[in-house]
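Following: one structure in structure tokens, then a few remarks.
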Amino acid sequence: MGKWFHIPPGDPYFCVVGSPIAHSKSPEIHQAFGRQCGISLRYERVEIPANSFASALAEFVASGGRGMSITVPLKGEAYRAASDHRPRAALTGAANMLTVAEDRRTVADNVDGTGLVRDLLSNHKINLSARRLLLLGAGGAASGVIPSLLEQNPSELIIANRTMVKAHELIERFREGGDLRAIDYAKLPHDTYDLIINATSLSLTGGLPPLDPAVIARSTRCYDMMYSTDGRTRFLDWCTEHGAAGCSDGLGMLVEQAAAAFSIWHGVEPETAPVMAALRVR
Ligand code: NDP
């Protein structure tokens with residue numbers, strides 16, 4: 001019996017790994033996609049602490065595991081432990097999913113940006129082309145979505161972060177992809193944005209980014225990557241109070257990135273709307 005995985009013979013085995021992991025909705029989402037598409041699979045949560053990913057991955061592959069979703073704090077470790085890397089993972093140096101190929105090589109990918117952009121465009125009908133975007137935060141989630149946001153050709157993408165050196169590192173990495181600038185929260189121009197995306201971890205503790213409400217216009221849409229069952233977060237409530245045109249939490253991003261992973265693993269594109277609706281009523 002392995003240290004991390006207990007994989008019985010039978011259905012193909014998938015999991016989500018991270019620490020903490022008990023809160024993850026990925027098993028419900030992938031099992032719902034499986035039922036919808038008539039595909040039998042096992043998908044579990046596995047708690048793996050930081051600095052243990054490489055040994056866990058070796059065990060996963062030896063035990064016959066087929067694919068993993070990866071969350072905090074393992075996305076960087078997962079990228080480094082994989083044998084091969086899809087370009088969108090290589091751009092960010094982080095993996096949010098990993099596939100075990102027939103020859104047992106492991107392929108790192110990152111579909112967080114795909115998930116966010118699909119949610120914005122398809123579910124919320126938010127057009128990004130030629131729009132002014134403000135991204136709050138410069139951690140793993142922000143870094144993972146920048147290439148996908150730039151692919152939509154916004155007129156500009158501004159990154160505001162508490163630790164400016166991290167925002168400048170992202171500018172250096174992605175500057176060729178479009179008009180990208182890093183600005184201190186306190187120095188944000190007295191101007192409004194078409195879309196403000198909160199990619200800080202502040203919502204997890206009920207905190208708010210130090211943002212001047214003047215950046216919100218009556219047409220501004222606001223998005224929080226954090227999600228909740230009722231779709232409300234402290235940041236989104238604050239945006240509503242200051243007159244935002246619409247607010248969306250990150251549940252759709254979570255479900256859309258899971259759908260992108262599911263289609264890579266199973267070759268079928270699942271329908272996301274019924275799964276999102278089921279998660280909302282819990
Ligand atoms: P990281 O820890 O990598 O980054 C955290 C970010 O929050 C940093 O930019 C950090 O700034 C900022 N921050 C933290 N505390 C403060 C503070 N007190 N004041 C100002 N800024 C602060 O986290 P992730 O990027 O991995 O995750 C961010 C969020 O995105 C989480 O809420 C996570 O749940 C969510 N997420 C949602 C997904 C989805 O599918 N919906 C997918 C991935 C993430 P600094 O650099 O200065 O420390």
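The values are calculated or read from the model by the stated rules, or taken from the named source; none is laboratory data. Note that the structure is a prediction, hence the values are computed from the model and not measured. Note that we place each Cβ from the backbone using ideal geometry, even for glycine, and neighbour counts take in every protein chain shown. Surface areas here come from the heavy atoms of the whole protein model, side chains and all, with no ligands, DNA or RNA. Shrake-Rupley method; radii C 1.70, N 1.55, O 1.52, S 1.80 Å.
Say we look at segment 141-166 and pick out the residues that are near the ligand (Cβ under 8 Å from one of its atoms) and surrounded by 22 or more Cβ atoms within 10 Å (Cβ to Cβ); which of these is nearest to residue 184 (Cα to Cα)?
Only one residue tops the list, namely 161.
Here is a yes/no grid of residues against (1) polar (S, T, N, Q); (2) within 16 Å of the ligand (Cβ to nearest atom); (3) not assigned by TED's automatic domain parsing to the domain that holds residue 259:
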residue: 21; (1), (2), (3): no, yes, no
residue: 27; (1), (2), (3): no, yes, no
residue: 39; (1), (2), (3): no, no, no
residue: 43; (1), (2), (3): no, no, no
residue: 46; (1), (2), (3): no, no, no
residue: 50; (1), (2), (3): no, yes, no
residue: 53; (1), (2), (3): no, yes, no
residue: 63; (1), (2), (3): yes, no, no
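Looking at (1) out of contact with any helix residue (DSSP H, G or I) (no Cβ under 6 Å at 6 or more places or on another chain); (2) open to solvent by less than 20 Å² (accessible area, probe 1.4 Å); (3) free of Cβ contacts under 8 Å to residues at least 40 places away in the same chain, can you tell me which one residue 137 breaks?
Looking at each condition in turn, residue 137 falls short on (3).
Kindly indicate whether residue 191 is closer than 20 Å to residue 246 by Cα, surrounded by fewer than 15 Cβ atoms within 10 Å (Cβ to Cβ) and in contact with a Leu (Cβ under 7 Å, 6 or more places away or on another chain).
no
Name the single residue that is most open to solvent (accessible area, probe 1.4 Å) among those in segment 232-276 being in a loop (DSSP other than H, G, I, E, B), of a type outside the set (Gly, Ala, Ser) and touching a residue at least 12 places away in the same chain (Cβ under 8 Å).
From segment 232-276, those in a loop (DSSP other than H, G, I, E, B) are 232-233, 242-245, 250, 267-272; that's our starting set.
So of that shortlist, the ones also of a type outside the set (Gly, Ala, Ser) come out as 232-233, 242, 268-272.
Filter again for touching a residue at least 12 places away in the same chain (Cβ under 8 Å), leaving 232-233, 242, 268, 270-272.
Details: 232: 144, 233: 10, 242: 72, 268: 53, 270: 12, 271: 121, 272: 20 Å².
Looking at the filtered set, the residue picked out is 232.
Just checking, does segment 170-185 include any residue being touching a helix residue (DSSP H, G or I) at 6+ places or on another chain (Cβ under 9 Å), among the hydrophobic types (A, V, I, L, M, F, W, C) and surrounded by fewer than 16 Cβ atoms within 10 Å (Cβ to Cβ)?
Yes, that holds for at least one residue.
Restricting to segment 103-122, count the residues that are charged (D, E, K, R) and part of a loop (DSSP other than H, G, I, E, B).
Initially, segment 103-122 is screened for residues charged (D, E, K, R), giving 103-105, 109, 112, 118-119.
The next check asks that each one be part of a loop (DSSP other than H, G, I, E, B); those that pass are 103-105.
Residues that pass the stated criteria total 3.
Test residue 125 against the stated conditions and say whether it is over 13 Å from the mean Cα position of the chain (by Cα) and at pLDDT 95 or above.
On the way: over 13 Å from the mean Cα position of the chain (by Cα): yes; at pLDDT 95 or above: yes.
Criteria met by residue 125.
Quick grid of which residues meet (1) closer than 20 Å to residue 258 by Cβ; (2) not hydroxyl-bearing (Ser, Thr, Tyr):
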| site | (1), (2) |
| --- | --- |
| 6 | no, yes |
| 11 | yes, yes |
| 22 | yes, yes |
| 34 | yes, yes |
| 37 | yes, yes |
| 43 | yes, no |
| 64 | no, yes |
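I need the full set of residues from segment 18-45 which are more than 19 Å from residue 250 (Cα to Cα) and open to solvent by less than 10 Å² (accessible area, probe 1.4 Å), in order please.
So in segment 18-45, the residues more than 19 Å from residue 250 (Cα to Cα) come out as 19, 31, 34-45.
Those that are more than 19 Å from residue 250 (Cα to Cα) and open to solvent by less than 10 Å² (accessible area, probe 1.4 Å): 34, 43.
Pick from 231, 177: which is out of contact with any Ser or Thr (no Cβ under 6 Å at 6 or more places or on another chain), at pLDDT below 95 and within 13 Å of the ligand (Cβ to nearest atom)? Quick ask: steps written out before the conclusion?
Working: 177 fails: within 13 Å of the ligand (Cβ to nearest atom).
It is 231.
For the condition touching an Asp or Glu at 6+ places or on another chain (Cβ under 9 Å) and either within 30 Å of residue 40 (Cα to Cα) or free of Cβ contacts under 8 Å to residues at least 60 places away in the same chain (or both), what is the one hit in 279, 208, 202, 170? Walk me through it before giving the result.
Details: 208 fails: touching an Asp or Glu at 6+ places or on another chain (Cβ under 9 Å); 202 fails: touching an Asp or Glu at 6+ places or on another chain (Cβ under 9 Å); 170 fails: touching an Asp or Glu at 6+ places or on another chain (Cβ under 9 Å).
Being touching an Asp or Glu at 6+ places or on another chain (Cβ under 9 Å) and either within 30 Å of residue 40 (Cα to Cα) or free of Cβ contacts under 8 Å to residues at least 60 places away in the same chain (or both) holds for just one of 279, 208, 202, 170, which is 279.
So which residues in segment 234-275 are within 12 Å of the ligand (Cβ to nearest atom) and either out of contact with any helix residue (DSSP H, G or I) (no Cβ under 7 Å at 6 or more places or on another chain) or of a type in the set (A, V, I, L, M) (or both)? Give the derivation first.
Within segment 234-275, the first condition is being within 12 Å of the ligand (Cβ to nearest atom), and the residues that meet it are 234-235, 248-261.
The answer is 248, 250, 251, 253, 254, 255, 258, 259, 260, 261.
Looking at segment 101-118, which of its residues are over 11 Å from the mean Cα position of the chain (by Cα) and open to solvent by less than 20 Å² (accessible area, probe 1.4 Å)? Give the derivation first.
Step one: filter segment 101-118 for residues over 11 Å from the mean Cα position of the chain (by Cα), giving 101-109, 118.
106, 108, 109 - these are the residues of segment 101-118 that are over 11 Å from the mean Cα position of the chain (by Cα) and open to solvent by less than 20 Å² (accessible area, probe 1.4 Å).
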